[in-house]
Amino acid sequence: MEFSVSLEDRIKLDTHLNSNAKLIGITGPSGAGKSSLLRALAGFERNAQVTVNWHLPQANISEPKIGLVFQQPMLFPHLTVKGNLALAQQYASANAASYAQVIKGCEITHLLDKPIQALSGGEGQRVAIARALLNGPNVLLLDESLSALDIGLRHRVLAFITQLTMQLPMKCIWVSHDLQDLARYSDVMLIIEDQGLSYAGAAQDALYYLNNNSSQEHVFGVLQGCVIFPKELDRHSAPISGVPPHLPDDNNDVGVQEGVGVQESVGVQTGDGTASGLLDGYLCVDVLGHTLYAEAARGGDAVVPPANGDAIKLVITANEVSIDTATNTAATTMSIVNALPCTISEIKRDGLMGNASTSALVLLDVTPKESGKQSQILYARVSQLSLTRLNLRKGMRVVARFKMLRV
Amino acid sequence: MTEALTPQAWQAIWLTLKLALITSLLLMVVATPLAWVLSNWQHKTKPFVLSILALPLVLPPTVLGFYLLVAFSPQSTLGGAWVSITGHPLAFSFEGLVLGSLIYSLPFALQPLYSGFTQLDRRYLEVAQTLGLTSFQRFFKVVLPLCKAPAIVAFGLSFAHTVGEFGVVLMIGGNIPGETQVLSIALYEQVEALQYQDAHALSLCLLIFSFLLLTGLYRFSGKGALGWNLASR
């Protein structure tokens, strides 16, 4: 997917992204040009020079429909919630999700008969997103459109949008300041600073860039894995085959079909009612051949619970990770359930938190169980004391331990 | 009450209301698209155009009336064309009064609409555009419903202003009962004829009417839709 946007004094960028990316996250400081970029992509800026190739999964879409949701919901105040949705439906493309699904997914069933003036900020934002979705956009632009939602609701709506991007020929470009949200729900990320692009690429690499280039207080890593079938768990064997945790290669045209194939296989498995990745409310996730345990957050009614083989991202903050120099991952004497063998790739003694003398940030390369897989990065914040006591140094093989995560 | 006003005064009242209603209805048809076009138009000649349209606000009505009288004469292009189409001259006719009132009250319809349109958050239109509404659909389904308040104010003001018209009517309409004799002219005639009791009754009617209309408009518009200067005349 390529786009090049140029709008005098406000934004200038030219980028090439993985065409299979469905969710494109954008972040950057206020006033950097994020909104201008979305406005230009939506066609609102007459002076902007915009060239885009969306690479939509369906080739027959000659003129993609682009929806934009602002931070302010901009619902038409002369109509009710229902009226706003009906207007969007009246001009909808064939690409729209069903009314029932959208109402449920955005959790606005109880708001339908309300006048716009009676909605709170978060309610308005959800209705605005529902209105955009019912219109059936091929490209949905969200300009901080979830900023007024509490964290649980935000995750449910984001999970719902993610699910729609799988079902429909729809991509979503979204601007947010919440890096954990972005890391979890974006396939690729753009970082915009000073009216230009300072980074474009895979979400986890964007994180690496941000962790290194800004004074981020809460450094976190993102592990990509896939949900595995509980039966596989008992045997401690490799995950089910065929599910790439990474996006298919851009140059590989079968990538899209591969994605469809995954969905189909999931459908078949859920059919017999036993294929859910949930085990007593816990989720087993395969990351590079290692099994991790997570607590499944309750999704919205419209969100399909994670199933066997679903790609999943785990966000782990540096403060959650402790380092064990005993490299036996199967240790069962402690309550911390997750263990990943890693190699220390870097130790930042001066840290990023300001209190340089007491803590250090350790970058860990997760060692894949099978060779040939690309390693993933994890961050651990340890005290200067531990650093000295354990004599941690670059290249050392250690085990990263962390408690059960919530996903 | 009926006895307090002469039959001629009643005739003048009905004629005035008819004139005001026709004028303000026509003005809404003319001024709404005009105000919309102006609010979206950016050009260095814009102040020039806006000045021309606002001229009736500041010009003495007699000046406007004089130019209209000249334009309405059968020797002029407009007046001549009117005679050849309808068979009677435009000056000193009810149609002439309507045309004169349209020009005279245009700024009063234009101003509230123009400021309503310019104050409308453009993002409503951008949302409507992304939803797939054409510019016509955006205007009728979004702009007009959102600008209902300024539209009603525009209608009310042009109606009230036409009721209060005097100088222009005097110049182009004269004083023909049932045809061009409006309230203000009838009142003027009563004072000239020293019929002070009749003049009192008519003045009071006009005063109460104007007061009620404005109260209604202010109550309706509530927060500042009449923010511009009403007392320009």
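The values are calculated or read from the model by the stated rules, or taken from the named source; none is laboratory data. Predicted model, so just to flag it, every value in this text is computed and none were measured. Virtual Cβ from ideal backbone geometry, glycine too; neighbours counted across all protein chains shown. In case anyone asks, the SASA skips ligands and DNA or RNA and just uses the protein heavy atoms, side chains included. Shrake-Rupley method; radii C 1.70, N 1.55, O 1.52, S 1.80 Å.
Just one of the numbered conditions (1) open to solvent by 70 Å² or more (accessible area, probe 1.4 Å); (2) touching a helix residue (DSSP H, G or I) at 6+ places or on another chain (Cβ under 8 Å) is not true of B:Leu27: (1). Of the residues examined, B:Phe117 is one that is open to solvent by less than 40 Å² (accessible area, probe 1.4 Å), over 30 Å from B:Tyr188 (Cβ atoms), in contact (Cβ under 8 Å) with a residue 24 or more places away in the chain and away from chain A (no Cβ under 14 Å).
Annotation: of all residues in region A:11-27 being farther than 18 Å from A:Leu56 by Cβ and either at pLDDT below 90 or among the β-branched types (Val, Ile, Thr) (or both), the one that is surrounded by the most Cβ atoms within 10 Å (Cβ to Cβ) is A:Ile26. Right, B:Tyr104: away from chain A (no Cβ under 14 Å), in contact with a His (Cβ under 9 Å, 6 or more places away or on another chain), touching a residue at least 60 places away in the same chain (Cβ under 8 Å) and in a helix (DSSP H, G or I) or not? Spelling it out, B:Tyr104 is indeed away from chain A (no Cβ under 14 Å), in contact with a His (Cβ under 9 Å, 6 or more places away or on another chain), touching a residue at least 60 places away in the same chain (Cβ under 8 Å) and in a helix (DSSP H, G or I).
Would it be correct to say that B:Ile13 is open to solvent by less than 30 Å² (accessible area, probe 1.4 Å) and either over 30 Å from B:Phe139 (Cβ atoms) or not in a helix (DSSP H, G or I) (or both)? Criteria met by B:Ile13. Being crowded, with 16+ Cβ neighbours inside 10 Å and free of Cβ contacts under 8 Å to residues at least 24 places away in the same chain is the requirement here; does A:Leu363 meet it? Taking the combined requirement at face value, the residue satisfies it. With respect to the conditions (1) away from chain B (no Cβ under 13 Å); (2) over 17 Å from A:Leu68 (Cα atoms); (3) surrounded by fewer than 20 Cβ atoms within 10 Å (Cβ to Cβ), A:Thr162 lacks only one, and its number is (2). Within region B:84-94, the residues that satisfy the criterion of being loosely packed, with under 15 Cβ neighbours inside 10 Å and in a helix (DSSP H, G or I) are B:Ser84, B:Ile85, B:Thr86. A:Thr332 fulfils the conditions (1) surrounded by fewer than 18 Cβ atoms within 10 Å (Cβ to Cβ); (2) at pLDDT 85 or above except for a single criterion, (2). If only residues of region B:30-49 that are of a type in the set (A, V, I, L, M, F, W, C) and over 15 Å from the mean Cα position of the chain (by Cα) are counted, the one that is least open to solvent (accessible area, probe 1.4 Å) is B:Leu38. Determine the pairs where a residue that is in the same structural domain as A:Ala132 (by TED's automatic domain parsing) and under 13 Å from A:Leu111 (Cβ atoms), located within region A:78-92, has a partner that is open to solvent by less than 50 Å² (accessible area, probe 1.4 Å) and among the charged types (D, E, K, R) with Cβ atoms under 7 Å apart, the partner being 6 or more residues away or on another chain. What qualifies is A:Asn84/A:Arg131; A:Leu85/A:Arg131.
Can you find a residue that is closer than 19 Å to B:Ala160 by Cα and among the aromatic types (Phe, Trp, Tyr) anywhere in region B:88-98? Scanning region B:88-98 turns up at least one residue that is closer than 19 Å to B:Ala160 by Cα and among the aromatic types (Phe, Trp, Tyr). Where helices (runs of 4 or more DSSP H) sit wholly within region A:29-141, those with at least 1 residues that are open to solvent by 30 Å² or more (accessible area, probe 1.4 Å), over 30 Å from A:Ser4 (Cβ atoms) and within 9 Å of chain B (Cβ to nearest Cβ) occupy A:81-90. Mind checking whether some residue in region B:196-213 is over 24 Å from B:Val58 (Cα atoms), small (Gly, Ala, Ser) and within 14 Å of chain A (Cβ to nearest Cβ)? The answer is no; no qualifying residue exists.
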